[in-house]
Amino acid sequence: MITSDEGDGDVQPLWLSDRPATAGLWARIHAEHTRSGLWPLLLDALDPDDDEFRPWGSGELMPERMFSPASHDPAGLLEEWWATYTAVDEDDDMLSAKKRLAVTAPFGQDWPGIAPARSAATDPDELAAEYAQAFLTDRTQSRLGLVAAASGSEALAVAGWCGPLNYDNETAKFSAVVRDWEHRFGVRVVAVGFSTLHLSVAAPPMNEEDALLVAAEHFAFCPDNVWQGSRPYTLTAYAERITGAHSWDFWWD
């Protein structure tokens, strides 16, 4: 059991395996979630070769500071974040006003609203199990974490994960958005790193219009995905990359 290094040191938000997860383990534990109440997470570290296995093994978690995801409105959060990240700052040395607006074209500063829900053609849990196996193949040092939570989105807040700390220190806000994606797109939280989040997606956008709306949500949720993603650094290019994609990865710098 991992003890949070915050507060009085009496909160243990998750169980962490002492060695890398084995093939099929995530799927077997996930299949027992309804009975056990434990949500499995494949946990990646800032430096897998470091004995501390930060932030998990080092307890750099803040469960005491987290609210419930239910206390936040996901659509309102996305609109608020969008307004913040699309604001034009004339003193910004990185991007001119014209270039900043070009990043989020065709919407510019106008929030387009959330994308419509889609019906999943694939079972979300089966897809999540497949994605977990693929994730382990690429990141063989990932360990298993178990969190007492009703869903993967809630597990992020219960565990006290602080990945988006540079943008907002209330993880439950991000959990609220992910919970909404669980319902709209068949998302499942599979893996989490120091400042990364990895989701399987059973019902991704399949056309340009929907993909642009989802891309706008991703930009509001994690602007670094676009600002520091693959060239060209535009919403339109990002939308093309997520069209039909059955996994979404986020990283906060």
Legend entry - Efficiency of FRET between Ser68 and Ala23 - r from beta-carbon atoms, R0 35 angstrom, step 0.05: 0.55
Inset, instruction - Assuming R0 = 25 Å, can you tell me the calculated FRET efficiency for the pair Thr236 and Thr196, based on Cβ-Cβ distance, to the nearest 0.05? - result: 0.55
Inset, instruction - Would you grab the residues whose amide H sits under 5 Å from the one on Ala191? Only those 5+ places off in sequence or on another chain, please, with H modelled 1.01 Å from N. - result: Leu42, His198
Inset, instruction - For Ser247, enumerate residues with amide H under 5 Å from its amide H, sequence gap 5+ or separate chain, H modeled in the peptide plane. - result: Val201
Inset, instruction - Would you work out what percent of the accessible area of segment 142-200, with all protein chains in place, is carbon or sulfur (probe 1.4 Å)? - result: 47 percent
Legend entry - Cα-based helix-to-principal-axis angle, 208-221 vs the chain, degrees rounded to 10: 60 degrees
Legend entry - Accessible area of the chain divided out per residue, in Å², using a probe of 1.4 angstrom: 46 Å²
Inset, instruction - Please say if segment 126-197 is rounded, prolate or oblate, where rounded means a/c under 1.5 for a ≥ b ≥ c the square roots of the C-alpha gyration tensor eigenvalues, and otherwise the choice is prolate for a/b larger than b/c and oblate otherwise? - result: oblate
Inset, instruction - Just report the Cα centroid separation between segment 194-253 and segment 35-65, whole Å. - result: 24 Å
Legend entry - Contact order normalised by residue count of the chain, Cα under 8 Å, 6+ apart, percent: 26 percent
Legend entry - Note, ³J(HN,Hα) from phi for segment 235-245, Karplus 6.51, -1.76, 1.60, rounded to Hz, x at Gly and Pro: 4, 4, 5, 5, 4, 4, 6, 9, 5, x, 7
Inset, instruction - Please calculate the 1.4 Å probe accessible area of Glu170, with all protein chains present, and give it to the nearest 10 Å². - result: 10 Å²
Inset, instruction - On a 0 to 90° scale, report how tilted helix 171-185 is relative to the longest principal axis of the chain, with both axes built from alpha carbons and the result rounded to the nearest 10. - result: 80 degrees
Legend entry - Under the Karplus curve 6.51 cos²θ - 1.76 cosθ + 1.60, θ = phi - 60°, whole-Hz ³J(HN,Hα) for segment 28-41, x wherever Gly or Pro sits: 5, 5, 4, 5, 8, 4, 4, 7, 7, x, 9, 9, x, 10
Legend entry - Ratio Rg/Rh, restricted to segment 38-114 and using Cα atoms, in which Rh is the Kirkwood radius: 1.15
Inset, instruction - Could you tell me which of rounded, prolate or oblate describes segment 1-62, using a ≥ b ≥ c as the square roots of the eigenvalues of the alpha-carbon gyration tensor, with rounded for a/c under 1.5 and, failing that, prolate when a/b is larger than b/c and oblate otherwise? - result: oblate
Legend entry - Cα-based radius of gyration of segment 101-162 once divided by 2.2 N^0.38 Å, which approximates compact folds: 1.64
Inset, instruction - Provide the gained length on full extension for the span Ser58 to Glu126, in nm with one decimal, where the gain is 0.36 nm per separating residue minus the Cα-Cα distance. - result: 21.3 nm
Legend entry - Calculated FRET value between Glu80 and Ser119, using beta carbons and R₀ = 30 Å, to 0.05: 0.55
Legend entry - Karplus 3J(HN,Hα) series, Hz, for segment 107-116 with 6.51 cos²θ - 1.76 cosθ + 1.60 (x for Gly, Pro): 8, x, 9, 7, 5, x, x, 7, 6, x
Legend entry - Asp123, Asp73, reordered so the largest accessible area comes first (probe 1.4 Å): Asp73, Asp123
Legend entry - Two-decimal Rg/Rh across the chain, once Rg and the Kirkwood Rh are taken from alpha-carbon atoms: 0.97
Inset, instruction - List every residue whose amide H lies under 5 Å from the amide H of Glu170, counting only residues 5 or more places away in sequence or on a different chain, with H placed 1.01 Å from N in the peptide plane. - result: none
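The values are calculated or read from the model by the stated rules, or taken from the named source; none is laboratory data. Predicted model, so just to flag it, every value in this text is computed and none were measured. Counting neighbours? That spans all protein chains shown, and the Cβs are built from the backbone with ideal geometry, glycine included. Each accessible area value is taken on the protein alone, full model and side chains, heavy atoms only, with ligands, DNA and RNA left out. Shrake-Rupley method; radii C 1.70, N 1.55, O 1.52, S 1.80 Å.
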